[in-house]
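So the structure is just underneath, and the comments pick up after that.
The values are calculated or read from the model by the stated rules, or taken from the named source; none is laboratory data. Predicted model only: the values in this text are computed from it and were never measured. Heads up, the Cβs are rebuilt from the backbone with ideal geometry, glycines too, and the neighbour counts pull from every protein chain shown. The accessibility values were calculated without ligands, DNA or RNA, using every heavy atom of the protein model including side chains. Shrake-Rupley method; radii C 1.70, N 1.55, O 1.52, S 1.80 Å.
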Amino acid sequence: MKNIILIFFTAINIVACNGPDVKVEEPGTVSKTQRISNHSDTFNQSFEKMLMSYFFLKDALVEYDTLRANAAAKELAYQAENLPLPELADSVGAETAKNYSGTISGSALGLVGETDFGKKKKEFQMISDAMYDLVRTVNFDRQIIYHQHCPMAFNDSEGAYWLSNSRAVINPYLGKKHPKYKAAMLACGEVTDSLDFSGR
């Protein structure tokens, strides 16, 4: 009898922690409650590659790693140029999305061409602003993306934004090897928006 009561309360606790809409699945299986994307697998995979290149670039700037930043920026330019945007024509402004992806590609290549690290970060700012607008234009729905802001990215007074796949603030503008602050301002900034289109 005690075993039956224990099993009953264990089941209640699982439901209470997970909520009524969450299915407990075996590891490696797809949840039955996972929402279907508004985009094709081809588009989602391509967009995720572009985002990953952007996040690699952000992390390289945090480390003040010029070689990694240039490599990530080249890959980002390639991925932005090759997004399968025509399939968006029926659902969103494909032309608007094309303009943003063009800005991302152009600024990424501009970043590679800059030798001054401060100017690389200026290009990154333009990339980040265009990425934010592109994610919102296409309503990318495969992951939550956080829009973050540093109030003193340039000259201690000019703010700038970037995107992250985590709520944790790790500032690519001030980074770990800032000439003035070193790593002291790495966590400077705040989350200003979270882009989650999975429910739409």
Tyr54 fails exactly one of (1) more than 14 Å from the chain's Cα centre (by Cα); (2) open to solvent by less than 60 Å² (accessible area, probe 1.4 Å), namely (1)
From (1) open to solvent by 60 Å² or more (accessible area, probe 1.4 Å); (2) over 15 Å from Ser105 (Cα atoms), pick out the condition that doesn't hold for Leu61.
(1)
Contacts under 7 angstrom Cβ, first residue in the stretch 172-191 being closer than 17 Å to Arg68 by Cβ and aromatic (Phe, Trp, Tyr), partner open to solvent by less than 50 Å² (accessible area, probe 1.4 Å) and at pLDDT 95 or above, 6 or more apart
Tyr173/Lys121; Tyr173/Cys150; Tyr173/Ala153; Tyr173/Ala160
Cβ-Cβ distance below 6 Å, separation of 6 or more or different chains: which pairs start in the stretch 96-110 with a residue that is assigned to a helix (DSSP H, G or I) and end on one that is charged (D, E, K, R)?
Tyr100/Asp133; Ser105/Glu81; Ser107/Glu123; Gly110/Glu123
If you go through Ala160, Ala187, Ala153, the only one that is part of a loop (DSSP other than H, G, I, E, B) and either touching a Leu at 6+ places or on another chain (Cβ under 7 Å) or not acidic (Asp, Glu) (or both) is Ala187
Only one of these is assigned to a helix (DSSP H, G or I) and at pLDDT 95 or above: Leu83, Leu134. Name it.
Leu134
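Condition check: within 23 Å of Leu85 (Cα to Cα) and open to solvent by less than 70 Å² (accessible area, probe 1.4 Å). Does Thr192 satisfy that? Steps first, please.
On the way: within 23 Å of Leu85 (Cα to Cα): no; open to solvent by less than 70 Å² (accessible area, probe 1.4 Å): yes.
Judged against the criteria, Thr192 is not a match.
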Can you name the condition, by its number, that Ala77 falls short on among (1) in contact with a Gly (Cβ under 9 Å, 6 or more places away or on another chain); (2) modelled with pLDDT under 95?
(2)
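Looking at the structure I just gave you, is Asn70 at pLDDT below 95 and not hydrophobic (A, V, I, L, M, F, W, C)? Before the answer, list the steps.
Working: at pLDDT below 95: no; not hydrophobic (A, V, I, L, M, F, W, C): yes.
Considered against the rule, which asks whether it is at pLDDT below 95 and not hydrophobic (A, V, I, L, M, F, W, C), Asn70 comes out as no.
Please work out if Asp141 is in a loop (DSSP other than H, G, I, E, B) and under 25 Å from Asn38 (Cα atoms).
Numbers: in a loop (DSSP other than H, G, I, E, B): yes; under 25 Å from Asn38 (Cα atoms): yes.
Against the criterion (in a loop (DSSP other than H, G, I, E, B) and under 25 Å from Asn38 (Cα atoms)), Asp141 qualifies.
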Can Ser128 be described as small (Gly, Ala, Ser), without any contact (Cβ under 8 Å) to a residue 24 or more places away in the chain and within 25 Å of Thr192 (Cβ to Cβ)?
no
Take Phe124 and tell me if it is among the aromatic types (Phe, Trp, Tyr), open to solvent by less than 10 Å² (accessible area, probe 1.4 Å) and within 23 Å of Val62 (Cα to Cα).
yes
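What tally of residues in the stretch 170-184 results from selecting those that are assigned to a loop (DSSP other than H, G, I, E, B) and open to solvent by 30 Å² or more (accessible area, probe 1.4 Å)? Working first, answer last.
Going through the stretch 170-184, the residues assigned to a loop (DSSP other than H, G, I, E, B) turn out to be 170-177, 179-181, 183-184.
Checking the rest, the ones that are also open to solvent by 30 Å² or more (accessible area, probe 1.4 Å) come to 170, 176-177, 179-181, 183-184.
Summing the residues that are assigned to a loop (DSSP other than H, G, I, E, B) and open to solvent by 30 Å² or more (accessible area, probe 1.4 Å) in the stretch 170-184 gives 8.
Scan the stretch 144-158 for residues that are of a type in the set (S, T, N, Q) and open to solvent by less than 40 Å² (accessible area, probe 1.4 Å) and report the count.
Just the residues of the stretch 144-158 that are of a type in the set (S, T, N, Q), to begin with: 148, 155, 157.
Restricting the remaining residues to those that are open to solvent by less than 40 Å² (accessible area, probe 1.4 Å) gives 148.
Of the residues in that region, 1 qualify.
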